[in-house]
Amino acid sequence: MKKLRPFDFFVTIAVLSLGIFLTVRNLSQKGSVIKVNAAGNHYEYSAKKEGIYKVHGPLGITTFEVKAGRVRIIDSPCPNKTCINQGWHSPLVCLPNNVIITIEDEGEFDALSE
């Protein structure tokens, strides 16, 4: 078994710090526009207007909640419910029902629109 060298310790701390930073940043991510792609249909909702919304996918209705500039899926017809367990996150993906939800800042461009 090899001994840990000082550089190994530094790399381990750097990787752990980066992981914690990205997790905290992602959990606190807020935006101004909620963009939803549901079975090829595109919808936009204000992240400033709290509420519960429903979109139709191939399996049925996916329900999501917008609150304090964040979004989470609260109900979906998919069999494993993984999308519900994602919590307040962006992007949210429900592959079986073909629903993708993202939070973006107004005026933010993606690679296709630039």
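Summary table
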{"read-out": "Some residue of the range 64-72 being within 16 Å of the chain's Cα centre (by Cα), in a loop (DSSP other than H, G, I, E, B) and modelled with pLDDT under 95", "value": "yes"}
{"read-out": "Leading residue by the ranking (farthest from K67 (Cα to Cα)) among those in the range 12-36 that are modelled with pLDDT under 80 and surrounded by 11 or more Cβ atoms within 10 Å (Cβ to Cβ)", "value": "N26"}
{"read-out": "Residue list for the range 73-101, filter: within 22 Å of K49 (Cβ to Cβ) and assigned to a loop (DSSP other than H, G, I, E, B)", "value": "S76, Q86, G87, W88, H89, S90, P91"}
{"read-out": "Residue count, the range 37-55 (criterion: part of a strand (DSSP E or B) and loosely packed, with under 15 Cβ neighbours inside 10 Å)", "value": "8"}
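For (1) of a type in the set (K, R); (2) open to solvent by less than 80 Å² (accessible area, probe 1.4 Å); (3) modelled with pLDDT under 90; (4) in contact with a Cys (Cβ under 6 Å, 6 or more places away or on another chain), each residue gets a yes or a no:
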{"site": "C78", "(1), (2), (3), (4)": "no, yes, no, yes"}
{"site": "L95", "(1), (2), (3), (4)": "no, no, no, no"}
{"site": "I101", "(1), (2), (3), (4)": "no, yes, no, no"}
{"site": "E106", "(1), (2), (3), (4)": "no, no, yes, no"}
{"site": "E114", "(1), (2), (3), (4)": "no, no, yes, no"}
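The values are calculated or read from the model by the stated rules, or taken from the named source; none is laboratory data. Just so we're clear, the structure is a prediction, and the values are computed from it rather than from any experiment. With ideal geometry, Cβ positions are generated from the backbone for all residues, glycine too; neighbour counts draw on all protein chains shown. For accessibility, only protein heavy atoms count, side chains too; no ligands or nucleic acids. Shrake-Rupley method; radii C 1.70, N 1.55, O 1.52, S 1.80 Å.
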